[in-house]
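Student: Have a look at this one.
The values are calculated or read from the model by the stated rules, or taken from the named source; none is laboratory data. What you see is a predicted model, and the numbers here were worked out from it, not measured in a lab. Neighbour counts are summed over all protein chains in view; Cβ atoms, including those assigned to glycine, are modelled from backbone coordinates with ideal geometry.
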Amino acid sequence: MESAASTTNENAVSVQIDAAPERVFATLTDVATHTDWARGPEEIRNLSENPARMGTTFQQVGKLMGRTLVAECRVNHYEENRTFGFAGDKPFPFQVLFALEPDSGGTQVTMRGSIEPGGFFKIARPVLNSSLESQMKADLLTLKALLEVE
């Protein structure tokens, strides 16, 4: 029998953004605009409040391995200009956390993601793991480009 730790995929990626932590945080907590820079969500629905804060709920609609999924999300980390994160249980347990650190006039952003795939997705764990990491890298680079152009 597998332990819970062995069924969880965890990744972390970082990027330095030439923008103040306050500006980066404001963009992250503007959940309605996550579709502008993140590849995962194609649509944000039922956003309880925006900008998001602790306890805000929303749905992310996107595709994973050719399947349309609706993820039920709740903000569970919120420290102004420092951390922002959300988690959900459906379609499988997941957590996304952004940590911000002032860095040379800009912000070092670290994105951590973990998923605990089940059912069909459990079989595809190795593919999911590399896909998650490459998606996180791409999302942070798109966020960087967005914030550095403005």
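Student: Identify, please: which residue in the stretch 25-37 is among the aliphatic types (A, V, I, L, M) and out of contact with any Phe, Trp or Tyr (no Cβ under 8 Å at 6 or more places or on another chain) and is, among those, nearest to residue 85 (Cα to Cα)?
Tutor: Per the stated criteria, the residue is 26.
Student: Continuing with this model, one more query. Among the residues of the stretch 84-107, write down those that are crowded, with 16+ Cβ neighbours inside 10 Å and more than 12 Å from the chain's Cα centre (by Cα).
Tutor: Hits for the stretch 84-107 are 91, 92, 93, 100, 106, 107.
Student: When you check residue 11 against the structure, is it of a type in the set (S, T, N, Q) and modelled with pLDDT of 95 or more, yes or no?
Tutor: So residue 11 fails the test.
Conditions tested, residue by residue: (1) exposed (fewer than 13 other Cβ atoms within 10 Å of the Cβ); (2) in a strand (DSSP E or B); (3) free of Cβ contacts under 8 Å to residues at least 60 places away in the same chain; (4) of a type outside the set (S, T, N, Q).
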residue	(1), (2), (3), (4)
24	no, no, no, yes
27	no, no, no, no
35	no, no, yes, no
39	no, no, no, yes
51	no, no, yes, yes
63	yes, yes, yes, yes
71	no, yes, yes, yes
77	no, yes, yes, yes
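Student: Condition first: at positive phi, at pLDDT 95 or above and of a type in the set (S, T, N, Q). Can you find one or more residues in the stretch 135-142 that meet it?
Tutor: Within the stretch 135-142, not a single residue is at positive phi, at pLDDT 95 or above and of a type in the set (S, T, N, Q).
Student: Could I ask something else about it? Of the residues that make up the stretch 78-93, is at least one modelled with pLDDT under 95 and within 16 Å of residue 139 (Cβ to Cβ)?
Tutor: no
For every residue, the table says whether it meets (1) over 19 Å from residue 148 (Cα atoms); (2) modelled with pLDDT of 90 or more.
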site: 15; (1), (2): no, yes
site: 20; (1), (2): no, yes
site: 25; (1), (2): no, yes
site: 33; (1), (2): no, yes
site: 38; (1), (2): no, yes
site: 43; (1), (2): yes, yes
site: 52; (1), (2): yes, yes
site: 63; (1), (2): yes, no
site: 73; (1), (2): yes, yes
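Student: Tell me the residue from 19, 87 that is assigned to a strand (DSSP E or B) and in contact (Cβ under 8 Å) with a residue 12 or more places away in the chain, please.
Tutor: After ruling out the rest, the residue left standing is 87.
Student: Please find, among 109, 96, the residue that is modelled with pLDDT of 80 or more and within 26 Å of residue 66 (Cβ to Cβ).
Tutor: Step by step, each of 109, 96 is checked, and only 96 is modelled with pLDDT of 80 or more and within 26 Å of residue 66 (Cβ to Cβ).
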